[in-house]
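Q: Dumping the structure here so I can ask a few things about it.
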Amino acid sequence: MAHIYIALVDTPGFFAALIRRFIKQRYIHVVLGFDAELREAYSVGRRNPAIPMFAGFEKEHKDRILAAFPTAFYRICELECTDMQKNALWEKIQEDYRKRFRIHYAVCGLPFILAKLPFYINNQYTCSSYIASVLEENGILQFKKHFSLVTPKDFYADQHLRVVFEGELSQIASGMTADLSGSLRGGSMCV
């Protein structure tokens with residue numbers, strides 16, 4: 001069995017506070033990682049952590065996020081998949097990364113989420129809808145609703161995800177490493 005990682009993120013800021021208010025949950029951003037330390041992690045989010053207006057598909061850079069949000073709080077969850085699924089997912093992510101400037105944040109889709117109406121505009125996603133889409137496409141995780149309606153709350157509640165770390169990003173960025181069992185050292189671990 002192989003593993004991928006879903007990071008649920010809580011960052012401060014006005015835009016984050018608005019989203020938090022609507023979904024009534026601490027974690028408002030979702031990141032897809034290929035390792036527990038999030039060295040290879042991707043999401044549809046801010047292109048520059050300090051500027052919320054420009055968003056699209058990006059590789060996550062812990063040092064830039066930490067500089068903009070020193071109190072960012074993460075819950076990292078492990079999800080089982082096959083080696084073939086993980087490889088196919090990796091190829092899909094790399095393909096999308098090459099065309100990252102054509103993938104945008106679906107701001108106009110937010111009212112549809114609130115109204116629970118499925119929507120899709122070509123190459124426009126929220127952080128959670130993009131990850132839901134690629135996980136479903138690769139047979140790793142299925143949701144009981146259209147991918148465009150998936151929110152961070154759906155990942156938070158999913159029983160397939162095993163929490164391996166919960167704590168500040170600074171703990172991960174300071175050199176935290178995975179032990180042989182795959183669980184992270186430091187922070188608050190749930191295994």
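The values are calculated or read from the model by the stated rules, or taken from the named source; none is laboratory data. Being a predicted model, the structure only gives us computed values, none of them experimental. Positions of Cβ are backbone-derived with ideal geometry, glycine not excepted, and every protein chain shown enters the neighbour counts. The area values use the complete protein model at the heavy-atom level, side chains included, leaving out ligands, DNA and RNA. Shrake-Rupley method; radii C 1.70, N 1.55, O 1.52, S 1.80 Å.
Q: When region 57-96 is examined, which residues are found to be in contact with a strand residue (DSSP E or B) (Cβ under 7 Å, 6 or more places away or on another chain), within 23 Å of Ala173 (Cα to Cα) and of a type outside the set (A, V, I, L, M)?
A: Matches in region 57-96: Phe57, Glu58, Lys59, Glu60, Thr71, Phe73, Tyr74, Arg75, Cys77, Glu78.
Q: Let me ask something additional. Quick one: which of Gly175, Gly139 is modelled with pLDDT of 95 or more, farther than 19 Å from Val44 by Cβ and surrounded by fewer than 16 Cβ atoms within 10 Å (Cβ to Cβ)?
A: It is Gly139.
Q: Of everything in region 108-134 that's closer than 17 Å to Ser43 by Cβ and in a loop (DSSP other than H, G, I, E, B), which residue is least open to solvent (accessible area, probe 1.4 Å)?
A: Among them, the one singled out is Thr126.
Q: Within region 145-153, identify whether any single residue is modelled with pLDDT of 90 or more, within 26 Å of Arg47 (Cβ to Cβ) and of a type in the set (Gly, Ala, Ser), and answer yes or no.
A: Within region 145-153 (the criterion being modelled with pLDDT of 90 or more, within 26 Å of Arg47 (Cβ to Cβ) and of a type in the set (Gly, Ala, Ser)), the answer is yes, since at least one residue qualifies.
Q: Looking at region 57-99, which of its residues are closer than 18 Å to Leu161 by Cα, of a type in the set (Lys, Arg) and part of a helix (DSSP H, G or I)?
A: If the condition is that a residue be closer than 18 Å to Leu161 by Cα, of a type in the set (Lys, Arg) and part of a helix (DSSP H, G or I), then Lys86 is the only one that fits.
Q: Just the residues that are β-branched (Val, Ile, Thr) and assigned to a strand (DSSP E or B), please, taken from region 135-175.
A: Correct list: Val163, Val164.
Q: If you don't mind, there's one more thing I want to ask. Taking the conditions exactly as written (more than 24 Å from Asn48 (Cβ to Cβ), charged (D, E, K, R) and touching a residue at least 24 places away in the same chain (Cβ under 8 Å)), does Asp96 satisfy them or not?
A: Working: more than 24 Å from Asn48 (Cβ to Cβ): no; charged (D, E, K, R): yes; touching a residue at least 24 places away in the same chain (Cβ under 8 Å): yes.
Judged against the criteria, Asp96 is not a match.
Q: Condition first: part of a helix (DSSP H, G or I) and surrounded by fewer than 13 Cβ atoms within 10 Å (Cβ to Cβ). Now tell me which residues in region 23-51 satisfy that. It would help to see each step written out before you state the result.
A: Start the filter on region 23-51 by keeping residues that are part of a helix (DSSP H, G or I), which leaves 23.
Matches in region 23-51: none.
Q: Just give me the residues in region 107-128 being small (Gly, Ala, Ser) and either in contact (Cβ under 8 Å) with a residue 60 or more places away in the chain or at positive phi (or both), in sequence order.
A: Ser128
Q: Filter region 58-89 for residues that are closer than 17 Å to Ile4 by Cβ and loosely packed, with under 15 Cβ neighbours inside 10 Å; which is modelled with the lowest pLDDT?
A: Lys59
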